[in-house]
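The values are calculated or read from the model by the stated rules, or taken from the named source; none is laboratory data. For clarity, every value in this text was computed on a predicted model and none was experimentally measured. Here Cβ is always computed from backbone atoms with ideal geometry, including for glycine, and neighbour counts include all displayed protein chains. Each accessible area value is taken on the protein alone, full model and side chains, heavy atoms only, with ligands, DNA and RNA left out. Shrake-Rupley method; radii C 1.70, N 1.55, O 1.52, S 1.80 Å.
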Amino acid sequence: MVQGGLFNATSRALAVLDHGDYFGNSDIPVYVLNCTYPLVPDEFEEFCIDKRGVLIVEEGQPEFIEQAVNTYGRLDILVNAAGVPGGSRPDGTGSPKIDEQDLEDWNRVMDVNSTGIFLGMKSAIPEMRKAGGGSIINISSIYGLVGSVTSAAYHLSLIHISEPTRRTPI
């Protein structure tokens, strides 16, 4: 179950895990919502009725882990897919180099891209351990692996996504 804006990233993640292709076809049913708040209980229950497990992908973390555990008894998968780019140079032309980066914008990017990933993982891992394991999919971009002279906050925040993904055991 994903918000409409997260469907492409979720499709790519499923393709990487050999559960689908890059065109949105998947052997795992995906229910796309254009608006997720409030969830429509009847639609949600109908989608879930014959499923062994359901993955809910949301932007932000409004108690969804607790809701999943309380509803389904366990948490098996977490997908972190929120991200924001950095702002522009002081003169409005392009993205800033590190020495041009505004601290307020730096903190905004890090809060969403880095701290958001951290909080999702911190909340999910104890529940996954109780369940005997699980999977965390942190969606980033190529800019977590390669850099450029601009977009300093964005590029560095993506490193904070790729490294914990590789180094955090459940």
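Hey, any hits in segment 101-113 for a residue that's of a type outside the set (Lys, Arg), touching a Leu at 6+ places or on another chain (Cβ under 8 Å) and under 22 Å from ALA13 (Cβ atoms)? Yes, segment 101-113 has at least one match. Checked against (1) surrounded by 15 or more Cβ atoms within 10 Å (Cβ to Cβ); (2) over 22 Å from GLY144 (Cβ atoms); (3) among the hydroxyl-bearing types (Ser, Thr, Tyr); (4) at pLDDT 75 or above, THR36 passes all but a single condition, namely (4). Flag: SER148 matches the condition of being modelled with pLDDT under 85 and not aliphatic (A, V, I, L, M).
If only residues of segment 136-160 that are small (Gly, Ala, Ser) and in a loop (DSSP other than H, G, I, E, B) are counted, the one that is least open to solvent (accessible area, probe 1.4 Å) is SER151. Would a scan of segment 154-170 turn up a residue that is aliphatic (A, V, I, L, M), touching a residue at least 12 places away in the same chain (Cβ under 8 Å) and touching a Pro at 6+ places or on another chain (Cβ under 9 Å)? Checked against the condition, which is being aliphatic (A, V, I, L, M), touching a residue at least 12 places away in the same chain (Cβ under 8 Å) and touching a Pro at 6+ places or on another chain (Cβ under 9 Å), segment 154-170 yields no hits at all.
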